[in-house]
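J.: Quick one: this structure, given as structure tokens, is what I'll be asking you about.
The values are calculated or read from the model by the stated rules, or taken from the named source; none is laboratory data. All values derive from a computational prediction rather than experimental measurement. Note that we place each Cβ from the backbone using ideal geometry, even for glycine, and neighbour counts take in every protein chain shown. Accessible surface areas use protein heavy atoms only, side chains included; no ligands, DNA or RNA. Shrake-Rupley method; radii C 1.70, N 1.55, O 1.52, S 1.80 Å.
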Amino acid sequence: MIMLSHNSSLQLHRCRAGVIAFLALALLLPNRHAAVDRTQKPPADPAPAASFPDYREVTLPNGLKVFVIEDDRKPTLTLRLVIRSGSTFDGQKTGLTSFVAALLPRGTATRDAATFAQQTDYIGAHLEAAAGADSISVAMSGLTKYTPQLLDFFSDAVLHPAFDPAQFAKVQRQSLSQLAAEKQEPGALSGKIAGKVLYGQHPYGAYRTPESVKSIARDDLAAFHKAHFLPNNASLAIVGDVKADAILPLIEKALGGWERGVVPSVELPAFPEFKENTVHLVDRPGSVQSNIVIEHPGPKRSDPDLPELNVLNATLGGGFSGRLFQNLREKHGWTYGAYSVFDFRKLAGGFQASAETRNEVTAPAVEETLKEIQRLRTEPVPEAELELQRQYNVGNYLLSLENTMRTATRVQDIDLYGLPADFYKQYARRMSAVTPEQTLQLAQKYLKPEMASIVVVGEAKQVKKELEKFGKVFLYDTDLKPVGEK
């Protein structure tokens, strides 16, 4: 038996008395939860009136536009530079801008690749660069206490890249190896031919080939950098635990000496026009399944309906709750997943719906996808279904505000694509306010199944005949070269 002291016994008695008193009081109080139906999901809170942080915008004397977003939730700093020149400037050397981006973190005039990596790693920082159709981005993150070092590394990589011949040769070999592997990847093949069909001879439709990669020389990278890396062709976003008044003098010191220049221009071919359905079939002998992409032109990035289009797209193919997923996977069991997306770019855009199916259900899957697109054009989305998509999109957006890199990107997108200054302030509110009538109007305006191009990567002898009912079939080999009828 455990013996308690007098004091311990008294404390235990008081504790029991307190619990009894609490329970008695709880019984006397009205039960505010008694009428709650726990089988029903509680309504979502309304989207905040303004759901994007304030920021300060300054243009340095050399033309560099700087955005500062103060965020003291974590002791970190994110720097992101955007050069307003992308792969549209590749010319005949498709892949040039991606080479520039790949080499930027691999050494400078005063630090070779190993030294740069070791010194940045020592302070827990990381620099990366990426090339897109409309821009090149260079980003770096680290702890705020290392701000001077971060700015030193960042400015060194941006202003003085070495484009070391040995590193260039390594990237070139890796690119050629990757291209060889992509010939065996249906997803890579469908993506390339889909871009070419949708955008034609415009650089948006270009893709790397062994010939284009081999044509790129180290000096091409240096020439591109000299021509396009100009402060008056760039913007810099700073997000983190800093004060604008304190960081701006440091930015001026690090990048104020960057000399402005004449921003290059380029003449670009027109985008193709579409009037009817066509089929573009990449013959992949031995394939037991088909990769399907149904596409047509869409709005560009500055389109005023973009927030509402996100909700419309989620309804069609935004994931498990989307109609394509429910039809092709849950109802028919033809695929593991079916999705849709709007590809918003600066000069044009596109819409794509995609799935991977067995050969024998390729044509039925195409037919059902077109039916779902057409259904959005003829029937308003029911309120209950639409509410689910509104909540999903608003919730995802609000969660993404925790990501400093996403915040930096959005601020710079306002500048890059000419968006309204309050675009992201109103973003969540607009998505939460989409009505069934709006979805019908948007679908009729932006979804064009009657002019869709149908791209399929699969075995021609298994799927070609059934695909002919959708339109004229154009046949390609795995090098994406047109071939004769089979």
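J.: Please find the FRET efficiency linking Lys472 to Glu360, where r is the Cβ-Cβ separation and R0 is fixed at 25 Å, and quote it to the nearest 0.05.
T.: That gives a FRET efficiency of 0.65.
J.: From a point 7 Å beyond the Cα of Lys226 in the direction of its Cβ, which residues of region 70-109 have a backbone N at a distance under 16 Å?
T.: Of the residues in region 70-109, 109 have backbone N under 16 Å from the label point off Lys226.
J.: Can you check what the net charge comes to around Asn359, using other residues whose Cβ is under 14 Å from the Cβ of Asn359 (Lys, Arg +1; Asp, Glu -1)?
T.: 0
J.: Can you give the extra length, in nm with one decimal, that the chain gains between Gln201 and Lys183 once fully stretched, where that is 0.36 nm per residue apart less the Cα-Cα distance?
T.: Taking 0.36 nm per residue and subtracting the Cα distance, the gain is 4.3 nm.
J.: Starting from the Cα of Lys331, step 7 Å along the direction of its Cβ; do the same at Asp305; then give the gap between the two resulting points in nm.
T.: 2.4
J.: Sort region 55-148 into rounded, prolate or oblate with this rule: let a ≥ b ≥ c be the square roots of the eigenvalues of the Cα gyration tensor; rounded if a/c is under 1.5, and if a/c is not under 1.5, prolate when a/b is larger than b/c, oblate otherwise.
T.: It is oblate, given that a/c is not under 1.5 and a/b is not larger than b/c.
J.: Please sort by residue number the trypsin sites (Lys or Arg not before Pro) in region 246-298 whose DSSP state is loop and whose Cβ has at most 12 other Cβ atoms within 10 Å.
T.: Working: sites: Lys253, Arg260, Lys275; in loops: Arg260, Lys275.
Sparse-neighbourhood loop trypsin sites (Lys or Arg not before Pro): Lys275.
J.: Counting only C-alpha contacts under 8 Å and six or more residues apart, can you give the relative contact order of the chain as a whole percent?
T.: It comes to 20 percent, rounded to a whole number.
J.: Relative contact order of region 164-300, please, whole-number percent, based on alpha carbon pairs below 8 angstrom and at least 6 residues apart.
T.: 34
J.: Related question: Roughly what would the spin-label model give for Asp72 and Ala384, points 7 Å off Cα along C-beta, in nm?
T.: Label at Asp72, label at Ala384, 4.8 nm between them.
J.: Using the Cα centre of the chain as origin and beta-carbon charges of +1 (Lys, Arg) and -1 (Asp, Glu), tell me which of Ala130, Asn403, Ser354 is placed farthest towards the positive end of the dipole.
T.: It is Asn403.
J.: Also: Give the shape of region 276-338 as rounded, prolate or oblate, defined through the alpha-carbon gyration tensor: a ≥ b ≥ c are the square roots of its eigenvalues, a/c under 1.5 means rounded, and otherwise the shape is prolate if a/b is larger than b/c and oblate if not.
T.: Oblate, because a/c is 1.5 or more while a/b does not exceed b/c.
J.: Which of rounded, prolate or oblate describes the chain when judged by the alpha-carbon gyration tensor and an a/c cut-off of 1.5? Let's see the in-between values first.
T.: On the way: a/c = 1.93, a/b = 1.16, b/c = 1.66.
Oblate, since a/c reaches 1.5 and b/c is not below a/b.
J.: PRE reach from Ala169 (point 7 Å along Cα→Cβ): which of region 82-119 fall under 18 Å by backbone N?
T.: Under 18 Å, as judged by backbone N against the label point of Ala169, lie 103, 106-107, 112-114 of region 82-119.
J.: A further question on this structure: Could you check the simple spin-label distance between Thr115 and Thr59, using points 7 Å along Cα→Cβ, in nm with one decimal?
T.: For Thr115 paired with Thr59, the spin-label model returns 3.8 nm.
J.: Could you work out [θ]222 nm for the chain from helices alone, using -39500 (n - 2.57) per DSSP H run of at least four and dividing by all its residues? Round to the nearest 500 deg cm²/dmol. Could the numbers behind the result be given before it?
T.: Values: 16 runs with 200 residues, N = 486.
So the helix-based figure for the chain works out to -13000 deg cm²/dmol.
J.: Quick one: net charge around Gln174, please, counting Lys, Arg +1 and Asp, Glu -1 for every other residue with C-beta under 13 Å from its C-beta. Intermediate results must be reported in sequence, preceding the final value.
T.: Values: positive: Arg106, Lys170, Arg173, Arg208; negative: Glu182.
Charge balance in the 13 Å sphere: +3.
J.: I'd like to compare 406-413, 225-232: which one has the highest average count of other Cβ atoms within 10 Å, and what's the full order after that?
T.: Those peptides, ordered most packed to least, come out 406-413, 225-232.
J.: Can you tally the net charge around Ala139? Count Lys and Arg as +1, Asp and Glu as -1, for every other residue whose Cβ sits under 12 Å from the Cβ of Ala139.
T.: Local charge sum for Ala139: +1.
J.: Between Thr144 and Glu128, 0.36 nm times their residue separation minus their Cα-Cα distance comes to what?
T.: 3.9 nm
J.: Also, quick follow-up: Of the heavy-atom accessible surface of the chain (probe 1.4 angstrom), what whole percent is carbon and sulfur?
T.: Carbon and sulfur: 54 percent of the exposed surface of the chain.
J.: Find how much the distance from Arg429 to Lys445 grows on full extension, using 0.36 nm per residue of separation minus their present alpha carbon separation; answer in nm with one decimal.
T.: Fully extending the segment from Arg429 to Lys445 adds 3.6 nm.
J.: What does the accessible area per residue of the chain come to in Å², with a 1.4 Å probe and no ligands, DNA or RNA counted?
T.: Numbers: 24380 Å² over 486 residues.
About 50 Å² of surface per residue is accessible.
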